[in-house]
Structure formats: structure tokens, C-alpha cells
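Written out below as C-alpha cells is the structure these notes cover.
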Amino acid sequence: MPFLLLPSCSTKAETAQLFLYTDNDPFMDSLASRIESTFKEKGISLISHNASRKQSLQNSQFVSILQDNDKKPVLLNIYDRLSANLLIEKAENEDTPLLFFNREPLLSDTENTAWAKKNVYYVGTDAEYEGQAEAEIAADYFQNASSFKGSKFDKNGDGKLQVAILRGELSHQDALSRTKYSTDTLRKLGFDVDLIKVAYCDWQEEKGYEEMRKMMLEGANIELLLSNNDAMAVGAVRYLKTIMKEGESFSDQFFPIIGVDGTEQGKKCLEEGYMIGTVFNDATAQAEILSALYTSIVTKTEKPTFGDNVIVNGNFYKVKGTKIHH
Ligand code: GAL
Ligand code: CA
């Protein structure tokens with residue numbers, strides 16, 4: 001007798017749909033829980049879907065909610081950002097606004113139709129600044145480029161800075177920007193950068209551990225390890241601790257390590273002296289922007305404005321991070 005259940009529908013709490021690329025990513029966990037709590041404060045509970053790093057799965061999850069979603073904005077952490085076009089098309093057919101976050105769609109896909117220009121948004125972090133900030137933390141640590149040459153930090157004494165990078169996913173915008181801006185900024189600051197290794201670790205701690213192990217076995221002469229995020233740096237640290245010799249400090253034995261995100265584990269490594277810095281990726285600010293945009297769309301009111309730490313470019317909102325170091 002399903003009709004007996006009908007009255008409960010009218011008292012049903014307001015809900016919104018949240019799509020996540022994985023449930024196994026420490027920064028995403030913190031971002032998802034911030035989003036959940038900001039929406040909860042407005043009385044909206046989120047229904048979340050985990051794509052387990054499979055775009056085909058996310059596509060079918062997305063399609064399955066579209067029709068009954070009453071044109072409410074959907075929060076979308078797309079797995080493969082190059083597939084955004086397909087989901088935008090489906091959303092347009094149901095007149096359902098999209099709030100992409102953390103994994104950025106191509107501008108061309110978001111501006112493909114008049115509908116998309118009005119109804120598709122992106123909220124993320126300012127990864128260009130984060131790359132720059134990683135370089136600045138390093139330069140600070142080495143007490144600038146001219147004193148680096150021949151110092152104890154220039155371990156092979158060739159005057160160049162041997163850099164290794166633990167890189168996030170191949171096509172992820174934050175991996176691209178952090179890699180480019182960290183090395184470009186080091187050069188701008190006067191360092192003769194010798195990029196000896198770029199290891200793809202897809203943001204994952206386990207892969208950071210494994211790639212660090214390989215580099216050490218190859219005898220790589222690393223003078224600076226830049227990681228596109230904390231999780232991979234934490235993995236590298238975890239490996240280095242297994243080969244660490246007693247009686248010598250971690251930083252003297254190995255090399256400075258810098259990450260991005262400021263996760264709990266990252267900050268712990270920093271406190272314990274295994275990392276020299278990280279750059280805060282502000283999940284709270286990103287969650288608040290998503291929540292404000294959601295409400296302005298639903299209530300058809302003006303778009304919210306934010307402080308100087310948020311760079312707004314059309315429908316793209318990027319939060320500037322802050323350096324965390326000694
Ligand atoms: C980045 C973050 C990474 C990872 C990735 C997932 O912004 O720094 O740690 O969570 O997003 O898309
Ligand atoms: Ca050197």
C-alpha cells in the first residue's frame with residue numbers, strides 16, 4: 001500500500017546531490033565534509049555518490065538522478081574533467097545547473113551554449129599560486145639563490161638545484177599548474193633548476209611511497225622534493241623513514257620536502273620536521289562558495305561576492321591558499 005507512505009514526502013528534508021570522484025582521497029574527504037556541514041546549516045542534506053575513479057560509473061549515477069532532481073543545482077566533482085561536455089549536455093536537457101568543483105571543466109565546454117554560460121560554474125583552488133608558494137618556501141629555506149650555490153644544500157656542488165616532483169594525475173589542472181608554477185618561480189628567483197625526475201603518483205600516498213623508493217634505489221641526487229599534494233609527500237616521507245640512519249637528522253640525510261593542501265597528516269609531517277612546508281588548500285572557503293552559489297541559483301538572487309582571497313573569472317571561482325612553513 002505505497003499510498004500510505006505519501007504524506008511523509010511533504011515533510012521530507014531538502015536534499016541536494018553530491019558527486020565525488022573517489023572516497024579515498026584525504027583532501028577530498030575534508031572538502032566533502034565541509035560541503036556537507038555548510039549545506040546542513042541551511043537544512044539541506046546531501047546525497048552523495050562515489051564514482052570510484054570511473055567516469056562511466058559517474059555518468060550512470062548522474063543520469064539516474066537527473067529526472068527527479070527538480071532542476072536543483074548538482075554538485076559535481078567530475079572524475080575525468082575532459083568528459084564534462086557530455087554531462088553538461090545532459091544537464092542542459094533537464095535544465096539542471098551544474099556546480100563543478102575541485103576538478104575543473106574546460107572553459108570551452110562551459111561556454112559551449114548560452115544555457116551553459118548561465119548555468120555552469122566551477123569552484124576550486126588557485127593552483128598557480130600554490131605552485132608559486134611552494135617555490136617561495138624553498139627559496140626561503142635555501143636563503144635565496146645566490147647563497148644556495150656551493151652551500152650544504154647544493155649537495156653535488158654543481159651550483160644547480162636538482163629537483164624531483166611527485167605529480168598528481170596527468171590531466172588534472174592543479175597538477176599542471178603546481179608543477180609549472182613551482183619550477184617557473186624557482187627559475188625566476190634565480191635558481192638554476194635541474195629537473196631530474198617527474199613521477200606520476202595520482203595524488204596517492206601509496207604511489208608517493210613507491211616512487212620515492214624507486215628514486216632512492218636509483219641513487220637520484222635530489223636536492224629538493226616538490227610534491228603536488230601532501231598525501232604523496234607523506235608517502236615519500238614514510239618510505240624515507242624506513243631507510244633513515246640513526247644519529248643524523250632527517251633533513252641533513254635527505255632533502256627538503258614541500259607539499260600542498262595542509263591536510264592533518266601533512267601538518268603532522270611539518271611539525272615533526274619531515275616536511276619544510278605546505279600550502280593550505282582552503283576547503284572551508286570552497287565549501288562556502290559552493291553553498292552560496294547554490295542558494296543564489298535556487299532563490300534566483302544575485303550572485304554572491306567574496307573577499308580578496310577569491311579570484312572570480314566569469315563563472316569560475318578560485319580560492320587563494322596560504323603558506324604554512326617554519
Ligand atoms: C587537489 C588536491 C589533491 C587531490 C585532488 C583531487 O586540489 O590538492 O590532494 O585531492 O585535488 O582532485
Ligand atoms: Ca646541485
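Here is how the numbers come out for the structure above:
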| quantity | calculated |
| --- | --- |
| Gained length - Asp184 relative to Leu170, 0.36 nm times residue gap less alpha-carbon distance | 3.2 nm |
| Within the chain, longest stretch clear of exposed GluC sites (Glu not before Pro) (DSSP loop, no more than 11 other Cβ within 10 Å) | 1-217 |
| Distance cut-off 13 Å, percentage of C-alpha pairs in the range 213-260 lying past it | 58 |
| Fraction of alpha-carbon pairs over 20 Å apart in the range 66-193 - percent | 56 |
| Crossing angle, helix 26-41 versus the chain [Cα axis fit, 0-90 degrees, rounded to tens] | 40 |
| Rounded to the nearest 20 debye, dipole of the chain from Cβ charges on Lys, Arg, Asp, Glu | 240 |
| Trypsin sites (Lys or Arg not before Pro) restricted to the range 258-316 and DSSP loop, no more than 12 other C-beta within 10 Å | Lys300 |
| Dipole of the range 1-145, positive end: most advanced residue of Ser52, Ala16, Gly131 [Cβ charges, Cα centre] | Ala16 |
| Helix 230-243 axis, angle to the chain major axis (alpha carbon atoms, nearest 10°) | 40 |
| Alpha-carbon spread of the chain, three principal axes, descending order, Å | 77, 40, 32 |
| Spin-label pair Ser83/Asn144, simplified geometry with 7 Å Cα→Cβ offset, distance in nm | 5.0 |
| Distance violations [Cα-Cα > 27 Å] among Lys214/Lys245; Lys118/Lys318; Lys90/Lys320; Lys40/Lys318; Lys268/Lys320 | Lys90/Lys320 |
| Rounded to 10°, Cα long-axis angle of helix 55-66 versus longest principal axis of the chain | 30 |
| Value of Rg/Rh across the range 12-108 [Cα atoms, Kirkwood radius] | 0.94 |
| Val198 long-range amide H proximity, modeled H, under 5 Å | Ile165 |
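Rule-based calculations on the coordinates, nothing more; no lab input. Predicted model, so just to flag it, every value in this text is computed and none were measured. Virtual Cβ from ideal backbone geometry, glycine too; neighbours counted across all protein chains shown.
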